[in-house]
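A short write-up of the structure that comes next.
The values are calculated or read from the model by the stated rules, or taken from the named source; none is laboratory data. Just so it is clear, the model here is predicted, and its values are computed rather than measured. Please note: Cβ atoms are built from the backbone with ideal geometry, for glycine as well, and neighbour counts cover all protein chains shown. Ligands, DNA and RNA are stripped out before the accessible areas are found, and what is left, the full protein with its side chains, is counted by its heavy atoms. Shrake-Rupley method; radii C 1.70, N 1.55, O 1.52, S 1.80 Å.
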Amino acid sequence: MKFSGMKFLRIGSAALCAVIAAGCSDNDFRLPEVDREAPTVVMQFPSSNAYTDLADITVRGRTSDNDVLVSVTVNGNVPMTMDDFATWETSIALSPGINTITVEAADLTGNQTTRVINVVRQRGTIDRPFGSEFDTASDTLYFVDIDANKIMTITLADGEVAEFADLSQFVPTSRTDTQPLDLALDLPNDSIYLTVASDAAAGNSSVGIWRYDTVMETWSAFSDSTIDTNAVLQLPTDVMLDSANNRLLVIDFSADSVVAVSLADGSQSLLNATPAFPFSEPTDAAIDVQANRLLVTDRANDSVISVDLTTGVHTLLSDNNLDASPALRESLSITMDAANGRALIQDTVTPGIITVDLATGLRDGLSLNGRDPIRLNDARSLAIRGNEVLALDNQSDHLVAIDLDTEVRRIVTNNGFPRGSVTTTVEDIAATDRGVFGHNEDAALLVGGDDGFEVIAGSVDGGTQQLNLEFFAVDIESLTGYAVEDSGTSTSESRISTINLFTGGMQVISDGGLPNDVNPLDDVTNITMDRDRNRLLVLTATQILAVNLSDGARTVVSNDIAVPFNDPRHVYVDSANDRLLVIDDGYPSLIAVDSTGARSLFATTPAPGNTTPEVPDFLAIDPNGNLWLYDHANQFLELDAVTGARTPRIDVTARPRAQWRDMNVVDDVVYAVVNGGIEQIDLRTDESVIIYGSAPLGNGAE
C-alpha cells in the first residue's frame, strides 16, 4: 500500500519485538512525518494588475508540488491540462473594471495555495483628448478624442473609459481641414452638439455644428450652409450651451469671433462683428452666468477677453500688462470657478493652473507644476466637479483632478493600471521568472512583480539619489542589478555600479581607477549579464569587455577586426550554443562571437516575404534557449538557433504602436517596451495586456 504525503521510518525486527513486548521509548519509534509543503503556483499570463480591452482572456500558469496534485481551479472552475496540472489554461470572461482571478491548488495531503491576480478591462483609451464637458447628473466626463475619432466618456466614480459615439464620418478628407474639436451637452433634451469642419456626407465645404441624438444614436446637420444660407462659421473649435438664451455659442478660430447658433432653427449670427478688443487666435471660452458674459482666452494676445452676452461688446479682463505673473503665454483652456470668484486657465508655458480674479483680472497660480510627478502640460479643456478642477491632458493621456483648496493633484484615470499611478516611458526591460525589470526615462530603476511596478533606485522627483542610468542588466540568481552610469569625468568614460534590487543601494565596482585604468569603459553601448562565467559583458564601439564581478577588472573578450563593429547596439549570451550574439546597425544580420572571440555573421537569410534580411533591433533568448528577433521592419520573428532562419510570429504593425523599444520572452510570453509602457503578449493566443505605463491597448476595444 502506498501512502502519499507521508514518510515512514524503517523499524528493525528487534525493535518491533520490543515494542510489542514491553513498549518503546521515543527514540525507538516515531510517528510518520506529515507533508506540510503547499503547492507552488506560477502565473504565466497575464500578470497581476494588468489592463486590457479583451472581453475574454486566456489565463495560464504552472503548478508543482513535492507530492501529488489533486486539484487546480481558476475562479472555481477546473482549467484544461494535458500534464496533470503541471501546466494549465482556461478562458475567463472579463467585465468592465477590475476583475479578480483566483487560482487555488491542493495536494493529496490537503495543503492548499491560493493566488489572486487582478485584471482590468478597459473599453476605451485616452489617445488624444480635446474638448470635454462634465455632466454632474451622471458624474461623467464626455470628451472628443481626435485620434480615436470618437466621443469618449470617463465615469468619475471608477475611472472607467468607454466609447460613446463614432466620429469617423467627420474625419477630414483634406489636410487643410480640421477634425471635430469640441462638444456641448444638452442631455435633458437628448442632444450633444459637435463642432465640425468637414464631413463625408456633405463634403468638405460643410462647416458648422452637428447634433447627436442620444436616443436614436444618429448624427444630423444642425447648423451649416445647408441649414443657414448665410452661415458665417469658418473653423469652429469650441462650443458651449447658452441655455438662458436658447442658443449655442461657438468660438471660430479662423474668423476670430463668437458665433451665436439658435437652438430653434440653427441660424448663425456674429455676436459682434467689429469689437473694440478683437480676438487673435481665440482658444477656449467659458460662460460667466452671474456677470452675463463670455470669457475667452486669446493665445496670440496673451489675454482674457470678456464678451457681453447681450451686446457682444468686448472688454479686456486680464493680460500681461495688467498682471505680469504668472504670465499668460499660450493659454489653451478656461473654466469658471464661480464659488471662489475666479476663472481657471491652463497655459502650456506656465504649466499648472492660472487663476484670474473675476472682478480685478489679477492672476495667481493654482497647483503649478514644480516637482509634482503628476504632470499637467496640455489640457485642452477644464471642468469643475465639486471642489476639484478636472484637467484632461493631451500629452500625458490622463485625467487629473486638482483639489481647489489643498491644490493636491490626483490621477482619476489613465491608460494604465493601477489607476492613479504616475508612469514614465521605459527604456530597457529584462523579463525573468522572478519578475520584470526596467529603467525609465527619469533614470529610475523599476522592479515589477505581481503588484505592479515600483521605483527601487533613482528619483523621479528631483531627490538626491538622481541617477544617470544609461544601460542596465540583472542577475536573476542574486537579484542584483548592474548599471552603466556616466562617470561625470568625460563624455565617453563610464562606470559600472551594482544595484541591490531589494534596497536600491548602489556601489561602484569598475571605473577608470577601479581596479586600474586597463581597458577603460569608453564609448559603452550596452551591457549584459553572463551568469555562466560570473561576469558582466560590456559592449563598446569596437570591442566586447568582460568585467570581473569580484574585483571589477576588465579584460577583452573580442576585438576581431575580420568582422569589425560599425554601430554595435546590444550583446546577448547564447549559453546553449556557447556564443555571444551582437546586434550592429551596420549589418542586416547578427554577429556571432565564439568562445575564442572570433566573429562571424549569423541569421543572414531574409524572413518570408522579404527580399533582403532586415536589420535587427532587439534579440531575446528565452530560458529554453529559443531565439526571438525584432527587426527594423517592426517584425517579431523566431530564429532557428542553428540555421538562423527567420519565421514571423507577431504582426507588430497591426498593433496600436507599431514600434517596440526593447523586448524579452519568458514562458511563451513576450514583454515588449512600447510607447508609453510595457505590453505583455501571449505567443499562443496573441492576446495582450498592459502591465506598466499608459500604453494603448492592442486587442481592439469593443
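Pairs meeting the criteria (first residue in the stretch 136-156 and surrounded by fewer than 19 Cβ atoms within 10 Å (Cβ to Cβ), second residue at pLDDT 95 or above and hydroxyl-bearing (Ser, Thr, Tyr), beta carbons under 6 Å, at least 6 apart or on different chains) are 155/140. For the stretch 32-69, the candidate set comprises residues that are touching a Phe, Trp or Tyr at 6+ places or on another chain (Cβ under 9 Å) and of a type in the set (Lys, Arg); within that set, the residue that is surrounded by the fewest Cβ atoms within 10 Å (Cβ to Cβ) is 62. Taking the stretch 80-159 as the region of interest, the strands (runs of 3 or more DSSP E) fully inside it that hold 3 or more residues being under 22 Å from residue 688 (Cα atoms) are 87-93, 97-107, 112-121.
So, in the stretch 202-213, of the ones that are open to solvent by 40 Å² or more (accessible area, probe 1.4 Å) and touching a strand residue (DSSP E or B) at 6+ places or on another chain (Cβ under 8 Å), which residue ends up modelled with the lowest pLDDT? Full working, then the answer.
In the first step, residues of the stretch 202-213 are kept if they are open to solvent by 40 Å² or more (accessible area, probe 1.4 Å); the result is 202, 204-205, 211.
After this cut, where a residue has to be touching a strand residue (DSSP E or B) at 6+ places or on another chain (Cβ under 8 Å) as well, the list is 202, 211.
On the way: 202: 48, 211: 97.
Applying the filter and picking the extreme gives 202.
Looking at 610, 624, 664, just one residue is modelled with pLDDT under 95 and either within 25 Å of the chain's Cα centre (by Cα) or of a type in the set (A, V, I, L, M, F, W, C) (or both), and that residue is 664.
How about the stretch 624-664: which of its residues are part of a loop (DSSP other than H, G, I, E, B), aliphatic (A, V, I, L, M) and surrounded by 14 or more Cβ atoms within 10 Å (Cβ to Cβ)? The answer is 633, 641, 645.
Of the candidates 343, 339, 359, the single residue that is modelled with pLDDT of 95 or more, of a type in the set (A, V, I, L, M), outside any loop (DSSP other than H, G, I, E, B) and open to solvent by 20 Å² or more (accessible area, probe 1.4 Å) is 339.
Hey, can you tell me all the residues within the stretch 70-86 that are within 29 Å of residue 33 (Cα to Cα), surrounded by 18 or more Cβ atoms within 10 Å (Cβ to Cβ) and not aromatic (Phe, Trp, Tyr)?
Residues of the stretch 70-86 within 29 Å of residue 33 (Cα to Cα): 70-73, 83-86.
So of that shortlist, the ones also surrounded by 18 or more Cβ atoms within 10 Å (Cβ to Cβ) come out as 72, 85.
Hit for the stretch 70-86 is 72, nothing else.
Scanning the stretch 384-399 for residues that are open to solvent by 10 Å² or more (accessible area, probe 1.4 Å), touching a residue at least 24 places away in the same chain (Cβ under 8 Å) and either of a type in the set (A, V, I, L, M) or over 20 Å from residue 288 (Cα atoms) (or both) gives 384, 394, 396, 397, 398.
Just need a number here: residues in the stretch 574-595 that are open to solvent by 30 Å² or more (accessible area, probe 1.4 Å), farther than 17 Å from residue 561 by Cβ and without any contact (Cβ under 8 Å) to a residue 40 or more places away in the chain. Qualifying residue count for the region: 5.
For the stretch 671-684, a residue qualifies if it is farther than 18 Å from residue 633 by Cα and open to solvent by less than 50 Å² (accessible area, probe 1.4 Å), and the qualifying residues are 671, 676, 677, 678, 679, 680, 681, 682, 683.
Here is the figure for the stretch 596-615: residues that are in a strand (DSSP E or B) and surrounded by fewer than 17 Cβ atoms within 10 Å (Cβ to Cβ) total 2.
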